[in-house]
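Report on the following structure.
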Amino acid sequence: GEQVEQRPPHLSVREGDSAIIICTYTDSATAYFSWYKQEAGAGLQLLMSVLSNVDRKEEQGLTVLLNKKDKRLSLNLTAAHPGDSAVYFCAVRAGGSALGRLHFGAGTQLIVIP
Amino acid sequence: GGIITQTPKFLIGQEGQKLTLKCQQNFNHDTMYWYRQDSGKGLRLIYYSITENDLQKGDLSEGYDASREKKSSFSLTVTSAQKNEMAVFLCASSPGSTGQLYFGEGSKLTVL
C-alpha cells in the first residue's frame, strides 16, 4: 500500500525566512495531493490541494511543488510569520481507489521565531 | 459554512471499559471518517462511511466499532479501552470523492 514519508519532523525558522516541508510517496497511481495545517488544540484545515496534472501552485504565500518522477511533494512557506506556527501534514490519495481515502504523512512541527 | 462537532472533547476511562465518541456535521456531506492521531505519527484511518448506514474498515479498525446512525452523525466505540490507545481521535467529513476533508477539533482519550 501507499507509504508517505514526511520531513523534517521539526522545523524552526525566523520570521521572514522561508520554510520547506517535503513528502515522498510510493504509489505511482497517486493522483491527489494536499497539505493540511493543524493549530494547537484544533483539527486539521486544508491549505492547498493539487491534482497530478499540476506541477506548481502558488497561493497567498504558499507554494506547492509536485515532482511526479521523484514522487515528491513539497510545501514552501515564503516569508513565514509567527501565525504560521503549527503542525503541517501532507495527504495523498490514489485516483480510483477507496473513495476519498487519504494517506497522511507524520507531520512537521513548524515554529516561526519572531 | 458548516461545522463538525465532536463530543466529548476529553474522555477519561478505565482499562477494559467500553467508550463512545460522537461526531455531528451540518455540511450535509456524504462521507464521514474517524482517524486516530498519535503523537509524532500521521493520522491513521479507523473507520469511514460513504452514506447513512454504510461502514467501511480502515487500517486500524480492530478494537473499534462505528455506527452511522444518520447522515449527519458518526460515532466511534472503543470496545475495550487499553492504555496504549491514549490518543486524539479526529472526526472528518467530505462531500464525496473530492479528497478535501473537514475536521472536528478532536477528542482526547485518556485510559487510567
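The values are calculated or read from the model by the stated rules, or taken from the named source; none is laboratory data. This structure is a prediction, so every number in the text was calculated from the model and none was measured. Cβ coordinates were reconstructed from backbone atoms using ideal geometry, including for glycine residues, and neighbour counts include every protein chain displayed. Quick note on the areas: whole protein, heavy atoms, side chains included, nothing else; ligands and nucleic acids left out. Shrake-Rupley method; radii C 1.70, N 1.55, O 1.52, S 1.80 Å.
In this structure the amide hydrogen of B:Tyr47, modeled in the peptide plane, comes within under 5 Å of the amide hydrogens of B:Trp34, B:Gly58, none closer than 5 places in sequence on its chain.
Please report the base-10 log of the normalised intensity I(q)/I(0) for the protein assembly as shown, using a Debye sum with one equal scatterer per alpha carbon and no solvent, at each q in 0.10, 0.11, 0.12, 0.18 (1/Å). Those come out to -0.45, -0.54, -0.65, -1.33, one per q. Non-local lysine pairs in the protein assembly as shown, meaning eight or more places apart or on different chains, with alpha-carbon distances under 14 Å, amount to 7. Take every pair of alpha-carbon atoms less than 8 Å apart whose residues are at least six positions apart; their mean separation over the length of region A:18-114 yields a relative contact order of 33 percent. Rg(Cα) of region A:1-43 divided by 2.2 N^0.38 Å? Normalised Cα radius of gyration, region A:1-43: 1.47.
Computed from point charges on the beta carbon alone (+1 for Lys and Arg, -1 for Asp and Glu), the dipole magnitude for chain B about its Cα centre is near 200 Debye.
Placing unit charges on the Cβ atoms only, positive for Lys and Arg and negative for Asp and Glu, gives chain A a dipole magnitude near 300 debye about its Cα centre. Peptides B:13-19, B:102-108 ranked from most to least packed, by the mean per-residue count of other Cβ atoms within 10 Å: B:102-108, B:13-19. Rg/Rh for region A:4-80 stands at 0.96; both radii use Cα atoms, and Rh follows the Kirkwood definition.
Backbone phi angles across region A:60-75, fed through the Karplus curve with coefficients 6.51, -1.76 and 1.60 (θ = phi - 60°), yield HN-Hα couplings of 6, x, 10, 10, 10, 10, 10, 10, 6, 4, 8, 6, 9, 10, 10, 10 Hz in residue order; Gly and Pro are listed as x. Shielding by partners for peptide A:36-46, expressed as the average number of C-beta atoms from other protein chains within 10 Å of each residue's C-beta, is 5.
For the protein assembly as shown, the residue among A:Leu11, A:Ile22, B:Gln56 whose Cα projects farthest onto the positive side of the dipole built from Cβ charges is B:Gln56. Shown is the FRET efficiency for B:Asp38 and A:Asp27, computed with R0 = 25 Å from the Cβ-Cβ distance and rounded to the nearest 0.05: 0.65.
Our coupling estimate for region B:36-46, obtained by passing each phi through the Karplus curve with A = 6.51, B = -1.76, C = 1.60 and θ = phi - 60°, is 10, 10, 9, 3, x, 10, x, 7, 10, 7, 9 Hz, Gly and Pro reported as x. In this assembly, the B-A interface accounts for approximately 1600 Å² of buried accessible surface in total, computed with a 1.4 Å probe and without ligands, DNA or RNA. Here the 3J(HN,Hα) profile of region B:25-33, calculated from phi with Karplus coefficients 6.51, -1.76 and 1.60 at θ = phi - 60°, is 10, 10, 7, 6, 6, 6, 9, 10, 9 Hz, Gly and Pro shown as x. Heavy-atom accessible surface of chain A, averaged per residue, reaches 48 Å², computed with a 1.4 Å probe. Once you treat every alpha carbon in region B:1-108 as an equal point and sum by Debye, what is log10 I(q)/I(0) at q = 0.19 Å⁻¹? Log10 I(q)/I(0), no solvent term: -0.90.
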